[in-house]
Each structure stands twice: as structure tokens, then as C-alpha cells.
Amino acid sequence: MTLKRKYFDSLISTYGQNNARSALAERELVTLQRLLGLAFKKSSLSIESVQRSTSSGSSDTSSIRSVLDLGSGDQFLKPSFQKRNFAYSSLDITDCNFESDMFPYPDCTFDCVVSLAVIEHLSDPSIFLGESLRVLRPGGFIWLSTPNWHHYFHKFYDDYTHVKPYTPTSLVKLLSDFGFEHSVAYPSLRCKPAWSYIGPYPFFRAKYMFFPGNAKFPAPPFLKGKTCGIFALAKKPRGS
């Protein structure tokens with residue numbers, strides 16, 4: 001654990017607070033909104049309008065919504081969530097051991113749990129996912145990202161803190177086995193048209209048919225930003 005903390009402290013120190021981090025946070029949340037529309041299109045759930053069921057059975061859309069950011073690092077997502085009227089909470093490696101500690105929150109506290117590039121660092125994600133499910137409100141969602149082993153296996157262990165690789169299939173199955181529903185995986189493309197996330201071979205297309213973001217040759221923006229990563233989303237069942 002000490003080695004991991006040293007590694008992540010060093011990583012965070014390279015970020016700094018700058019406009020680039022703010023722009024990245026906005027891109028992440030715009031992407032999340034897009035993915036929620038794809039994943040839960042038959043649901044009222046979205047990042048801009050999370051409806052809660054009250055005891056009378058009606059919906060309350062005026063309540064402050066809440067998000068738990070797991071592995072938050074420099075909390076670069078915080079301003080973007082707060083701008084959207086979310087109450088932001090976070091846990092990082094200095095606050096909690098995700099493989100052994102319970103989260104310090106009551107059951108059914110959050111509307112969404114966000115964890116970007118964390119799960120691949122955990123030898124056993126059992127407590128991490130079990131606690132994520134526990135602190136989510138019924139109907140709330142989890143959003144994860146991780147490298148796609150199919151397309152990143154040659155570099156995965158270049159990061160010595162990586163311990164457990166995933167594929168889109170294994171990640172979706174893992175979330176389902178832990179009690180989440182409507183589990184789905186998409187390429188971790190940012191702010192792309194809907195067709196880039198769905199249809200035939202989306203992960204292959206994301207790896208081989210897009211161009212690097214810093215390509216010197218001209219390419220339309222919607223074809224820039226190739227990726228070897230996975231975004232996964234799932235919901236906590238309303239009856240749980």
C-alpha cells in the first residue's frame with residue numbers, strides 16, 4: 001500500500017491545477033451524459049435529471065443529487081459535478097483501502113458512483129464493488145473505466161501498480177455477478193457520436209479506425225481520439 005501511495009502521490013503532483021484538467025473534466029461528464037442516454041435510454045436517469053422516488057411514489061427532481069468519486073486523485077471532476085448541482089464526495093488511496101475497508105457512508109447515500117482507472121489496481125474488487133452497490137440509492141448508477149486487455153495487453157504491466165486486467169465481457173459479467181443490472185461496456189472514447197460506441201466491433205473500431213488526438217495530418221474531430229480503454233455502466237436495482 002505504501003508503494004502505491006508513493007506512486008499515486010507522484011502522479012498527482014504532475015497534474016497541477018490548470019485549464020487542461022478543467023477541460024478534461026468537462027469532456028468526461030459530457031461523455032457520461034452521452035453514455036447514459038445509450039445505456040439507459042428507457043430510463044429517466046441522466047446526469048442532468050436524476051429523479052428520486054419519494055415515499056408517496058412521486059418523483060422529486062429538486063433534490064440535490066450526490067456523487068461519490070472513488071480514486072479521486074486531485075478531484076478534477078469536482079467543479080464539473082458541482083456546476084451541475086451535484087453534492088460531491090470522494091475517497092482516495094489516502095482515505096481508504098479499497099480492497100479491505102468499508103466506505104464511511106450509510107447505505108443508499110449516492111445517486112452515482114464514479115471510479116476512473118481504479119479497478120485494474122485491485123487484486124480483489126469484491127469489497128470495492130460490494131461497497132459501491134451498498135452506498136448507491138436504488139436506481140443509481142456506477143461508472144467505471146479501465147484498460148481493455150484485448151488491445152492493451154502489451155502495455156498493461158508497464159504500470160507496475162496494475163494487477164488485474166479486464167475485457168469488456170469480463171467487466172460486464174463482474175458487475176452483473178455483484179448484483180448490478182443493465183451492465184454495459186463501451187469504448188472509452190470521449191464526446192463521440194453515438195455510432196462510435198455501438199454497432200459491430202466498437203472496441204476494434206475505437207482502437208484501429210480513429211486517429212491519435214495529436215495527429216499531424218488533418219482529420220475531422222469526430223475521428224480523433226483512438227482508445228484502448230473501456231467505459232462500463234450499470235445500475236443498482238430499484239427493489240434492492
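List the trypsin sites (Lys or Arg not before Pro) within region 101-184 that fall in a DSSP loop (any state other than H, G, I, E or B) and whose Cβ has at most 12 other Cβ atoms within 10 Å. Walk me through the intermediate numbers first.
On the way: sites: Arg134, Lys155, Lys173; in loops: Lys155.
Here the sparse-neighbourhood loop sites are Lys155.
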Probe 1.4 Å, all protein chains in place: accessible area of Ile142 in Å², nearest 10? 0 Å²
Ignoring ligands, DNA and RNA, how do Arg190, Arg27, Arg65 rank by accessible area with a 1.4 Å probe, largest first? Arg27, Arg190, Arg65
Distant-in-sequence amide H partners of Thr146 (H built 1.01 Å from N, under 5 Å): Ala117, Ile230
Aspartates and glutamates with Cα under 19 Å of Lys78, excluding same-chain neighbours fewer than 8 positions away: Asp9, Glu26, Glu28, Glu48, Asp69, Asp92, Asp95, Asp111
Tell me which residues come under 5 Å, amide H to amide H, from Phe110 once H is placed; ignore anything under 5 positions away on its chain. Leu136, Arg137
Per residue of region 74-80, in order, report the coupling 6.51 cos²θ - 1.76 cosθ + 1.60 (Karplus, θ = phi - 60°) as ³J(HN,Hα) in whole Hz, putting x for Gly and Pro. 8, 6, 5, 7, 4, x, 5
Candidates per chymotrypsin sites (Phe, Trp or Tyr not before Pro) in region 138-196, loop by DSSP, up to 15 other Cβ within 10 Å: Phe153, Tyr160
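Within the accessible area of region 114-173, what % is carbon and sulfur when the probe is 1.4 Å and the other protein chains stay in place?
Working: 1380 of 2270 Å².
Of all accessible area on region 114-173, carbon and sulfur atoms account for 61 percent.
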For region 111-240, dividing by residue count, accessible area per residue (probe 1.4 Å) in Å² works out to 44 Å²
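The values are calculated or read from the model by the stated rules, or taken from the named source; none is laboratory data. Just so you know, these numbers come straight off a predicted model, no measurement behind them. A quick note on method: Cβ atoms are made from the backbone with ideal geometry, for glycine too, and the neighbour counts reach across all protein chains shown. Note: accessible area is taken over every heavy atom of the protein model, side chains too, but ligands, DNA and RNA are not part of it. Shrake-Rupley method; radii C 1.70, N 1.55, O 1.52, S 1.80 Å.
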